[in-house]
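The values are calculated or read from the model by the stated rules, or taken from the named source; none is laboratory data. Fair warning: this is a prediction, and the values are worked out from it, not measured in the lab. Ideal geometry is used to build each Cβ from the backbone, glycine not excepted, and the neighbour counts take in all protein chains shown. Accessible surface is based on the protein model in full, side chains and every heavy atom, while ligands, DNA and RNA are left aside. Shrake-Rupley method; radii C 1.70, N 1.55, O 1.52, S 1.80 Å.
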Amino acid sequence: MITLRKITLDNRRDIFNLEVTEDQRRYVASNLSSVASCYVLATNGGHPFPLAIYADEQPVGFVMITYRITGYDLPASIPEESYCILRLMIDKQHQNKGYGREAMDKILAFIRTYPAGPARFCWIPYKEENIAAKKLYESFGFRSNGEICCDESITVLTL
(Lines give C-alpha, C1' and ligand atoms only; values in the text may rest on other atoms or scores of the structure.)
Protein backbone atom coordinates (compact mmCIF):
# COMPACT_ATOMS: atom_id res chain seq x y z
CA MET A 1 0.00 0.00 0.00
CA ILE A 2 1.37 3.39 -1.03
CA THR A 3 1.35 6.31 1.41
CA LEU A 4 2.74 9.83 1.30
CA ARG A 5 4.70 10.87 4.38
CA LYS A 6 6.54 13.91 5.65
CA ILE A 7 10.29 13.89 5.42
CA THR A 8 11.61 13.70 8.96
CA LEU A 9 14.91 13.55 10.78
CA ASP A 10 14.45 9.78 10.90
CA ASN A 11 13.76 9.13 7.21
CA ARG A 12 15.62 11.95 5.44
CA ARG A 13 18.76 9.96 4.60
CA ASP A 14 16.70 7.11 3.17
CA ILE A 15 14.86 9.59 0.94
CA PHE A 16 18.06 11.37 -0.13
CA ASN A 17 19.59 8.02 -1.13
CA LEU A 18 16.77 7.05 -3.50
CA GLU A 19 17.85 7.26 -7.16
CA VAL A 20 16.42 6.86 -10.61
CA THR A 21 18.21 4.89 -13.32
CA GLU A 22 21.22 6.44 -15.04
CA ASP A 23 19.24 7.30 -18.20
CA GLN A 24 16.45 8.93 -16.14
CA ARG A 25 18.77 11.37 -14.34
CA ARG A 26 18.37 13.92 -17.13
CA TYR A 27 14.66 14.14 -16.27
CA VAL A 28 14.65 14.66 -12.51
CA ALA A 29 16.83 16.45 -9.94
CA SER A 30 18.15 14.58 -6.92
CA ASN A 31 15.90 14.38 -3.89
CA LEU A 32 18.46 16.27 -1.79
CA SER A 33 18.48 19.11 -4.33
CA SER A 34 14.68 19.11 -4.41
CA VAL A 35 14.38 19.32 -0.62
CA ALA A 36 16.90 22.18 -0.62
CA SER A 37 14.74 23.92 -3.25
CA CYS A 38 11.73 23.47 -0.96
CA TYR A 39 13.55 25.34 1.79
CA VAL A 40 14.32 28.22 -0.56
CA LEU A 41 10.72 28.31 -1.81
CA ALA A 42 9.31 28.24 1.73
CA THR A 43 11.55 31.09 2.89
CA ASN A 44 10.48 33.17 -0.12
CA GLY A 45 6.71 32.92 0.24
CA GLY A 46 6.16 29.61 -1.53
CA HIS A 47 4.19 26.59 -0.39
CA PRO A 48 6.25 23.49 -1.15
CA PHE A 49 5.27 19.98 -0.08
CA PRO A 50 8.24 17.57 -0.20
CA LEU A 51 6.84 14.13 0.53
CA ALA A 52 8.28 10.65 0.76
CA ILE A 53 6.49 7.87 -1.08
CA TYR A 54 6.29 4.65 0.92
CA ALA A 55 5.23 1.13 -0.07
CA ASP A 56 4.12 -0.25 3.26
CA GLU A 57 7.10 0.67 5.50
CA GLN A 58 9.67 0.92 2.69
CA PRO A 59 10.58 4.32 1.19
CA VAL A 60 10.35 3.93 -2.60
CA GLY A 61 10.07 7.46 -4.00
CA PHE A 62 9.72 11.19 -3.63
CA VAL A 63 7.35 13.90 -4.80
CA MET A 64 7.67 17.67 -4.65
CA ILE A 65 4.42 19.57 -4.95
CA THR A 66 4.29 23.35 -5.00
CA TYR A 67 1.53 25.92 -4.80
CA ARG A 68 1.82 29.23 -6.64
CA ILE A 69 5.60 29.76 -6.60
CA THR A 70 7.75 27.09 -8.26
CA GLY A 71 11.05 28.93 -8.54
CA TYR A 72 10.64 28.95 -12.33
CA ASP A 73 8.57 31.06 -14.67
CA LEU A 74 4.93 30.03 -14.62
CA PRO A 75 3.43 28.99 -17.94
CA ALA A 76 1.46 31.90 -19.41
CA SER A 77 -1.89 30.08 -19.40
CA ILE A 78 -1.61 28.75 -15.82
CA PRO A 79 -3.06 30.93 -13.05
CA GLU A 80 -0.74 31.55 -10.12
CA GLU A 81 -3.20 29.83 -7.76
CA SER A 82 -2.37 26.36 -9.09
CA TYR A 83 -0.58 23.28 -7.82
CA CYS A 84 2.46 21.93 -9.62
CA ILE A 85 3.96 18.46 -9.35
CA LEU A 86 7.49 19.69 -9.86
CA ARG A 87 9.30 16.43 -9.07
CA LEU A 88 8.18 12.82 -8.99
CA MET A 89 10.48 9.85 -8.81
CA ILE A 90 10.40 6.16 -7.94
CA ASP A 91 13.69 4.55 -6.94
CA LYS A 92 15.31 2.41 -9.63
CA GLN A 93 14.95 -0.73 -7.47
CA HIS A 94 11.20 -0.18 -7.12
CA GLN A 95 10.19 0.75 -10.66
CA ASN A 96 7.76 -1.30 -12.76
CA LYS A 97 5.78 -2.41 -9.71
CA GLY A 98 2.88 0.03 -10.15
CA TYR A 99 4.13 2.34 -7.40
CA GLY A 100 4.21 5.41 -9.67
CA ARG A 101 0.55 4.95 -10.61
CA GLU A 102 -0.51 4.34 -6.99
CA ALA A 103 1.57 7.32 -5.87
CA MET A 104 -0.10 9.56 -8.46
CA ASP A 105 -3.52 8.56 -7.05
CA LYS A 106 -2.37 9.61 -3.57
CA ILE A 107 -0.70 12.79 -4.84
CA LEU A 108 -3.83 13.98 -6.63
CA ALA A 109 -6.00 13.09 -3.61
CA PHE A 110 -3.64 15.18 -1.45
CA ILE A 111 -3.73 18.12 -3.88
CA ARG A 112 -7.54 17.97 -3.97
CA THR A 113 -7.57 18.71 -0.22
CA TYR A 114 -6.16 22.13 -1.26
CA PRO A 115 -3.58 22.16 1.55
CA ALA A 116 -2.18 25.60 0.64
CA GLY A 117 -5.24 27.21 -0.91
CA PRO A 118 -7.86 26.88 -3.62
CA ALA A 119 -6.95 26.02 -7.19
CA ARG A 120 -8.59 25.00 -10.45
CA PHE A 121 -5.52 23.41 -12.01
CA CYS A 122 -2.61 21.10 -11.36
CA TRP A 123 0.24 21.16 -13.86
CA ILE A 124 3.42 19.23 -14.49
CA PRO A 125 6.50 20.27 -16.49
CA TYR A 126 8.25 17.35 -18.20
CA LYS A 127 10.76 16.61 -20.92
CA GLU A 128 8.91 15.65 -24.10
CA GLU A 129 11.19 12.65 -24.66
CA ASN A 130 10.15 11.19 -21.29
CA ILE A 131 7.46 9.02 -22.86
CA ALA A 132 6.80 6.94 -19.72
CA ALA A 133 6.03 10.08 -17.69
CA LYS A 134 3.83 11.49 -20.45
CA LYS A 135 1.78 8.27 -20.61
CA LEU A 136 1.36 8.20 -16.83
CA TYR A 137 0.19 11.81 -16.69
CA GLU A 138 -2.21 11.38 -19.60
CA SER A 139 -3.72 8.29 -17.96
CA PHE A 140 -4.78 10.58 -15.08
CA GLY A 141 -6.38 13.13 -17.40
CA PHE A 142 -3.50 15.58 -17.78
CA ARG A 143 -3.41 17.19 -21.22
CA SER A 144 -0.80 19.25 -23.01
CA ASN A 145 -1.59 22.93 -23.18
CA GLY A 146 0.93 23.42 -25.98
CA GLU A 147 3.30 25.51 -23.88
CA ILE A 148 7.00 24.99 -23.39
CA CYS A 149 8.43 26.46 -20.20
CA CYS A 150 12.13 26.20 -19.31
CA ASP A 151 12.56 23.65 -22.14
CA GLU A 152 9.82 21.41 -20.71
CA SER A 153 6.37 20.62 -22.03
CA ILE A 154 3.44 21.57 -19.81
CA THR A 155 0.60 19.18 -19.08
CA VAL A 156 -2.45 20.34 -17.14
CA LEU A 157 -5.30 18.75 -15.18
CA THR A 158 -8.47 20.58 -14.20
CA LEU A 159 -9.11 19.83 -10.54
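Exactly one condition in (1) more than 18 Å from M89 (Cβ to Cβ); (2) loosely packed, with under 14 Cβ neighbours inside 10 Å is not met by V156; state its number.
Among (1) more than 18 Å from M89 (Cβ to Cβ); (2) loosely packed, with under 14 Cβ neighbours inside 10 Å, V156 violates only (2).
Being within 15 Å of the chain's Cα centre (by Cα) and in a loop (DSSP other than H, G, I, E, B) is the filter; apply it to the range 26-45 and report the residue that is farthest from S82 (Cα to Cα).
S30
Considering only residues of the range 132-145 that are open to solvent by 50 Å² or more (accessible area, probe 1.4 Å) and modelled with pLDDT of 90 or more, which is nearest to K106 (Cα to Cα)?
Residue satisfying both the conditions and the ranking: S139.
Here is a yes/no grid of residues against (1) of a type outside the set (S, T, Y); (2) modelled with pLDDT of 95 or more; (3) under 16 Å from the mean Cα position of the chain (by Cα):
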site: N17; (1), (2), (3): yes, yes, no
site: Q24; (1), (2), (3): yes, no, yes
site: P50; (1), (2), (3): yes, yes, yes
site: I53; (1), (2), (3): yes, yes, yes
site: G61; (1), (2), (3): yes, yes, yes
site: D73; (1), (2), (3): yes, no, no
site: C84; (1), (2), (3): yes, yes, yes
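Pick from the range 83-129 the residues that are surrounded by 13 or more Cβ atoms within 10 Å (Cβ to Cβ) and without any contact (Cβ under 8 Å) to a residue 40 or more places away in the chain: which of them is nearest to F16 (Cα to Cα)?
H94
Starting from residues that are free of Cβ contacts under 8 Å to residues at least 60 places away in the same chain and of a type in the set (A, V, I, L, M, F, W, C), keep the ones in the range 5-29 and report whichever is most open to solvent (accessible area, probe 1.4 Å).
Looking at residues that are free of Cβ contacts under 8 Å to residues at least 60 places away in the same chain and of a type in the set (A, V, I, L, M, F, W, C), I get L9.
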